[in-house]
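A.B. asks: Encoded as structure tokens, here's the structure I'll be asking about.
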């Protein structure tokens, strides 16, 4: 059986620094998969390679049996793969609603409509409103992204990814900088999306990830050094000794 | 809280005001100490600046060689008339198509760039085109340019108006300006325009949403060049000549100064204000001193340093103060 999404032997070097050596994993459809590892382990680089920002120096990425290695970001997005960013990546002068609208497939279908009114893109607006409601931003649709609080901006970041109605969603450190209430909101959202969307989550926060992920890959020195369900990893002596699972 | 996207009427209030002022200008312009031709020139530059602002203000792409495309329009208009015997409509079309075509080639070479590299490349291409106009004597007439461009009659089939008088030309340019303004106003509020604005704010995010960013930057440049070409055509028609000076670095700089001083970064209408302000400053200051550009340059620097939102920004802040009292101002896109 071919995996829903798979990476095999991904390698990436910057100059003489080998950031990814040999990263492989497979995602089953509907799975929530976590990637953990210490700072500088290559987690974010791995994301960049998977979403087209960087081309890998070796290895293969397949999606639904199709080889998508080295695809550009726009091609990957068109396959229904969306991502959120670790650093904020919003349209600051646009409202929360418009940030999400631009990300929808319905709006993209009208990408070169030059004389129709953007405000008449009803389907796109409805989907964007639903995505904002999903992340708890209902009522803040008209607020400019730059005027939102930090937590709301993180939430909008995820709403933008959801507005694309993805079948596969990559979240890059979604908990970064979130308070207890924000964490709660995010866990609830991920639980709600489970089954509907396949997710790959990069995370520092082990407690958060182990509570949500079906399986977790531990990445260190550019390689997957352990993989399993949260329970299996907690029992793994190496993971236990590294302090990651505590 | 307005929770929908900005809407676009076909005939926004600011355009109504513009039309009323410009349509009545021939009646009062001499009485206020000006001369009729200045209004024609202002409208031509308004058109050029408005098209330029699609690139600078909306797409965030700094083109510092845009005068070249204004010039290509002027030359294409003149050449179509002088060498091919084209009438008004065909010559205007040649001006638009010529500038758009040259713009398409230039844009294809620069649209993968951004920021300072983009700006430098546009200057380089602008200078190449200016150099061509100067040196390609057999086509462009070299430093003398194209002389004896006629003002043919405006022929609609059922009726025809001579454009020889400045008043007739005034209304012809006004109609063209209104059409261009309405189209661009629709465009910046269309899905295309909103994505273009998103490209300005965050190119990477737009690409990660599945859009072809390159094609947006390319097409915005071409549209902007087409408008510059139409403005340039009218300039050739008004001046009855086309010469290398129209595509010089000066002209490229003037349009930037108009758009920034007028407030193109915060308002669709900024280029209108800026074009009128610049040309009136040229004539009014120029009456007193040869060095008027020095004084205008100081105004330009003051605006960029103290009020980058330009005159439109000052106007907007003033309106807000009147409406809400002196509370803290929340910056708005437009």
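The values are calculated or read from the model by the stated rules, or taken from the named source; none is laboratory data. Computed from a predicted model, the values in this text were never measured in an experiment. Cβ coordinates were reconstructed from backbone atoms using ideal geometry, including for glycine residues, and neighbour counts include every protein chain displayed.
A.B. asks: Looking at the stretch B:208-243, which of its residues are more than 15 Å from residue B:102 (Cβ to Cβ) and more than 14 Å from chain A (Cβ to nearest Cβ)?
C.D. replies: B:234, B:235, B:236, B:237, B:238, B:239, B:240, B:241, B:243
A.B. asks: Mind checking whether some residue in the stretch B:232-240 is touching a residue at least 60 places away in the same chain (Cβ under 8 Å) and on the phi > 0 side of the Ramachandran plot?
C.D. replies: Checked the stretch B:232-240: at least one residue is touching a residue at least 60 places away in the same chain (Cβ under 8 Å) and on the phi > 0 side of the Ramachandran plot.
A.B. asks: Of the residues B:110, B:116, which single one is surrounded by fewer than 17 Cβ atoms within 10 Å (Cβ to Cβ) and under 24 Å from the mean Cα position of the chain (by Cα)?
C.D. replies: B:116 is the lone residue from the list that is surrounded by fewer than 17 Cβ atoms within 10 Å (Cβ to Cβ) and under 24 Å from the mean Cα position of the chain (by Cα).
A.B. asks: Right, next: Test each condition in (1) surrounded by fewer than 23 Cβ atoms within 10 Å (Cβ to Cβ); (2) over 16 Å from residue B:251 (Cβ atoms); (3) within 17 Å of the chain's Cα centre (by Cα) for residue B:101 and report the one that comes out false.
C.D. replies: If we test residue B:101 against (1) surrounded by fewer than 23 Cβ atoms within 10 Å (Cβ to Cβ); (2) over 16 Å from residue B:251 (Cβ atoms); (3) within 17 Å of the chain's Cα centre (by Cα), just (3) comes out false.
A.B. asks: Here is a list: A:182, A:177, A:151. Which entry is over 25 Å from residue B:211 (Cβ atoms), at pLDDT below 90 and not assigned by TED's automatic domain parsing to the domain that holds residue A:208?
C.D. replies: Being over 25 Å from residue B:211 (Cβ atoms), at pLDDT below 90 and not assigned by TED's automatic domain parsing to the domain that holds residue A:208 holds for just one of A:182, A:177, A:151, which is A:151.
A.B. asks: Taking residue B:205, is it crowded, with 18+ Cβ neighbours inside 10 Å, at the interface with another protein chain (Cβ under 7 Å from one of its Cβ atoms) and more than 19 Å from residue A:117 (Cβ to Cβ)? Can you show your working first?
C.D. replies: On the way: crowded, with 18+ Cβ neighbours inside 10 Å: yes; at the interface with another protein chain (Cβ under 7 Å from one of its Cβ atoms): yes; more than 19 Å from residue A:117 (Cβ to Cβ): yes.
When the stated conditions are applied, residue B:205 passes them.
A.B. asks: Just checking, how many residues over the stretch A:95-124 are at the interface with chain B (Cβ under 7 Å from one of its Cβ atoms) and assigned to a loop (DSSP other than H, G, I, E, B)?
C.D. replies: So the count comes out to 9.
A.B. asks: Residues to consider are A:76, A:68; find the one that is free of Cβ contacts under 8 Å to residues at least 12 places away in the same chain and in the same structural domain as residue A:8 (by TED's automatic domain parsing).
C.D. replies: Values: A:76 fails: free of Cβ contacts under 8 Å to residues at least 12 places away in the same chain.
Of the residues listed, the single one that is free of Cβ contacts under 8 Å to residues at least 12 places away in the same chain and in the same structural domain as residue A:8 (by TED's automatic domain parsing) is A:68.
A.B. asks: Sticking with this one: Could you list all residues from the stretch A:168-222 that are crowded, with 18+ Cβ neighbours inside 10 Å, assigned to a loop (DSSP other than H, G, I, E, B), under 16 Å from the mean Cα position of the chain (by Cα) and in contact (Cβ under 8 Å) with a residue 60 or more places away in the chain?
C.D. replies: If the condition is that a residue be crowded, with 18+ Cβ neighbours inside 10 Å, assigned to a loop (DSSP other than H, G, I, E, B), under 16 Å from the mean Cα position of the chain (by Cα) and in contact (Cβ under 8 Å) with a residue 60 or more places away in the chain, then A:173, A:174, A:203, A:213 are the ones that fit.
A.B. asks: Take the stretch B:242-298 and flag every residue that is over 12 Å from the mean Cα position of the chain (by Cα) and outside any helix (DSSP H, G or I).
C.D. replies: B:242, B:243, B:248, B:263, B:265, B:266, B:267, B:289, B:290, B:291 - these are the residues of the stretch B:242-298 that are over 12 Å from the mean Cα position of the chain (by Cα) and outside any helix (DSSP H, G or I).
A.B. asks: Right, here's the next one. So residue B:121 fits all but one of (1) under 17 Å from residue B:236 (Cβ atoms); (2) under 23 Å from the mean Cα position of the chain (by Cα); what number is the exception?
C.D. replies: (1)
A.B. asks: Tell me, please, whether a residue that is more than 7 Å from every other protein chain (Cβ to nearest Cβ) and within 16 Å of residue B:6 (Cβ to Cβ) can be found in the stretch A:132-142.
C.D. replies: The answer is no; no qualifying residue exists.
A.B. asks: Condition first: part of a loop (DSSP other than H, G, I, E, B) and within 24 Å of the chain's Cα centre (by Cα). Now tell me which residues in the stretch A:125-140 satisfy that.
C.D. replies: A:135, A:136, A:137, A:138, A:140
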